[in-house]
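Below is one structure, written out as structure tokens; comments come after it.
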Amino acid sequence: MNEIKIIKSPDTQRENRVPPGQRVVKGLPVLHEGPVPAFDLATWSFRLWGAVEKERRLSWAEFSGLPRVKVYADVHCVTGWSSLDHCWEGVSSAELKSLVKLRPEAKCAMVHAHTNYTVNLTLEDFFAEDVVFAFTCDEEVIPPQHGFPVRLVVPRLYLWKGAKWVTGVEFLTEERPGFWESRGYHLHGDPWKEERYRR
Ligand SMILES: Nc1nc2c(c(=O)[nH]1)N[C@H]1C(S)=C(S)[C@@H](COP(=O)(O)O)O[C@H]1N2
Ligand SMILES: [Mo]
């Protein structure tokens, strides 16, 4: 086995780990639009496309075989709850750089997921060291309602950026709002600045 790199999200090192306007809950509530999608790992694929030199599609065997990291992080939901001390194991967003070469005009990432869910991230936020495509949460396989087989975790932004049931990443040359961002949520979503909604 390769050694798994352990990353501590910087926000877990703060003296006060609860952002303004948030309260701490135990466990992880379930929140999403629409039904929990069914999955067949035999046909599952992860696509990387858009502003890249050459598009790629990875099978479950290929994607789940990539080197892994463990990210220790808190989550903050825009609706007002935070849940502390989670450990996510999966593929670091930075790992994708070994799979596709971004074109110089690439500026943003749009992460795509079931069902018609998308989140926009700047490349800086997307490639932050603690961003992970997670297979497990707290040492257990992510349950269906939390995103099985793979969900994104972006610890430094509100939890809506953590797309469950991800299907791929499209690289964009200009920012385009994702699912919630086009319905009034903030384009960025920093919980420490309370970037909840757009005016
Ligand atoms: N595919 C998908 N991912 C999603 C959503 C969704 O509707 N569809 N909702 C988001 C929102 S708004 C939140 S708060 C978190 C909740 O994650 P949890 O159910 O694991 O707590 O999932 C995010 N990821
Ligand atoms: Mo949410």
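The values are calculated or read from the model by the stated rules, or taken from the named source; none is laboratory data. Every value quoted in this text rests on a predicted model; they were computed, and no experiment measured them. Note that each Cβ is placed from the backbone with ideal geometry, even for glycine, and that neighbours are counted across all protein chains shown. Ligands, DNA and RNA are stripped out before the accessible areas are found, and what is left, the full protein with its side chains, is counted by its heavy atoms. Shrake-Rupley method; radii C 1.70, N 1.55, O 1.52, S 1.80 Å.
Computed on the chain, with alpha-carbon pairs under 8 angstrom and 6+ residues apart, the relative contact order is 24 percent.
Please give the charge dipole size of the range 139-199, origin at the Cα centre, charges +1 on K and R Cβ atoms and -1 on D and E Cβ atoms. Round to the nearest 20 debye.
Working: 10 positive and 9 negative charges, 52 e Å.
So the magnitude is around 240 debye.
For the range 1-41, a simple Cβ point-charge model (Lys and Arg +1, Asp and Glu -1, everything else neutral) yields a dipole of about 300 debye relative to the Cα centre. Of the residues W44, S93, G34, the one whose Cα sits farthest towards the positive end of the charge dipole of the range 1-127 is S93 (charges of +1 on Lys and Arg Cβ, -1 on Asp and Glu Cβ, taken about the Cα centre). Basic side chains Lys and Arg get +1 at the Cβ, acidic Asp and Glu get -1 at the Cβ, and with that the dipole of the range 82-199 about its Cα centre reaches some 540 debye. When the listed pairs K8/K54; K70/K164; K97/K164; K54/K107; K8/K101; K97/K161 are checked against a 24 Å cut-off, the alpha-carbon distance exceeds it for K8/K54; K8/K101. Take every Cα pair under 8 Å whose residues are at least 6 apart in sequence, average their separation, divide by the length of the range 93-169, and the relative contact order is 32 percent.
Can you tell me, using C-alpha contacts under 8 Å and at least 6 residues apart, the relative contact order of the range 43-104 as a whole percent? Write down the numbers at each step before the final one.
Numbers: 78 pairs, mean separation 21.6, N = 62.
Once divided by the residue count of the range 43-104, the mean separation gives 35 percent.
Got a sec? What order do R151, R17, R57 fall in by accessible area at 1.4 Å, biggest, i.e. largest, first? Numbers along the way, then the final one.
Values: R151 10, R17 50, R57 140 Å².
Descending accessible area places them as R57, R17, R151.
T115 contributes an accessible area of around 80 Å² to the protein surface, as traced by a 1.4 Å probe with all chains present. Helical runs assigned H by DSSP (4 residues or longer) give the chain a calculated mean residue ellipticity at 222 nm of -1000 deg cm²/dmol, each run adding -39500 (n - 2.57) before division by the residue total. The DSSP beta bridges internal to the chain are antiparallel in roughly 80% of cases.
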